[in-house]
Amino acid sequence: MRRRIGVLLATLALAGAAWAGDAWKEKSYKDWDEKEVNKILSDSPWARPVNVTATWRSARVSALAPDTQRGGVAGQLAEAGEVGTNRNTPIADDSGAGDPEAHFVLRWGSARTTRQALARLAVLRGRSEAEAEKVLNLPVTEHQIVLYGADMTPFAKSDEKSLMEKTFLKLKKNKQKISPSRVEIRRGQDGKRISGIVFFFPMKFEVGEPVIAPDEKGVEFECRTNNVNIRQSFEPQKMVGRGGPDFQ
């Protein structure tokens, strides 16, 4: 009995520690540090890592994440100086045997928590709070999901129209598939290198009902193109910020 109680207490302690680590629940975004911001932007309920076998790549690669991933309101925050991920985040680790892997991140860019993280990062890196606040408070009328990674080779020959045809959201509750309303391919300063792809989805059906209901348990994103299948799920019930549910 004592052992069971001890295990239970240890479990509760771990759960409490995990809760305490969620800066997006505990603190104002203006108090987030850069480590907390990078956590939100790269591995959180709003940012889901995706690892795939890099069949297009034969040589071993070790690279760093791109500095910016731009799109929609989040893109305007990028222009204000945000950096999407930790600059030292490894994108590929092919030091072991087997096929090389490529690492991507899918980010729910339209969520206020995500936009707050981008705004905070812009301020931490020298931009004014007024500038970041102005962009943060712009209206959001579509769900925006941003895909980025250092090696965007699989998308080099894709255009926005073909990506629209090969991408969808699938709702767990009713298995309904939602197609993007538009897609934007974002490129680096050279105008060639892809830094990110933004997928826009409607927030409401024509009848006015929300595409993602408040009680939705899961939303799966899938994009199939050339040599890669990007697939990952978001859990709306876990996408909760300091102000409540946040999966707009």
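In table form, for the structure just shown:
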{"read-out": "Among residues of the stretch 187-206, those that are out of contact with any Ser or Thr (no Cβ under 7 Å at 6 or more places or on another chain) and assigned to a loop (DSSP other than H, G, I, E, B), counted", "value": "7"}
{"read-out": "Residues located in the stretch 166-177, provided they are on the phi < 0 side of the Ramachandran plot and without any contact (Cβ under 8 Å) to a residue 12 or more places away in the chain", "value": "N174, Q176, K177"}
{"read-out": "Test for P180: is it free of Cβ contacts under 8 Å to residues at least 40 places away in the same chain and over 28 Å from T53 (Cβ atoms)", "value": "no"}
{"read-out": "Some residue of the stretch 179-186 being more than 23 Å from K39 (Cα to Cα), modelled with pLDDT under 95 and in a strand (DSSP E or B)", "value": "no"}
{"read-out": "Selection from the stretch 207-228 of residues that are at pLDDT below 95, closer than 24 Å to Y148 by Cα and either outside any loop (DSSP other than H, G, I, E, B) or not aliphatic (A, V, I, L, M) (or both)", "value": "R224, T225, N226, N227, V228"}
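Quick grid of which residues meet (1) in contact with a Leu (Cβ under 7 Å, 6 or more places away or on another chain); (2) among the acidic types (D, E); (3) under 21 Å from A111 (Cα atoms):
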residue: D151; (1), (2), (3): no, yes, no
residue: A156; (1), (2), (3): no, no, no
residue: E160; (1), (2), (3): no, yes, no
residue: K172; (1), (2), (3): no, no, yes
residue: R182; (1), (2), (3): no, no, yes
residue: F205; (1), (2), (3): no, no, yes
residue: G208; (1), (2), (3): no, no, yes
residue: A213; (1), (2), (3): no, no, yes
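A quick yes/no check of all residues on (1) among the aromatic types (F, W, Y); (2) touching a helix residue (DSSP H, G or I) at 6+ places or on another chain (Cβ under 6 Å); (3) in a loop (DSSP other than H, G, I, E, B); (4) at pLDDT below 95:
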position	(1), (2), (3), (4)
G98	no, no, yes, yes
F104	yes, no, no, no
S110	no, no, yes, no
G126	no, no, yes, yes
L138	no, yes, yes, yes
Q144	no, yes, no, no
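The values are calculated or read from the model by the stated rules, or taken from the named source; none is laboratory data. Just so we're clear, the structure is a prediction, and the values are computed from it rather than from any experiment. Heads up, the Cβs are rebuilt from the backbone with ideal geometry, glycines too, and the neighbour counts pull from every protein chain shown.
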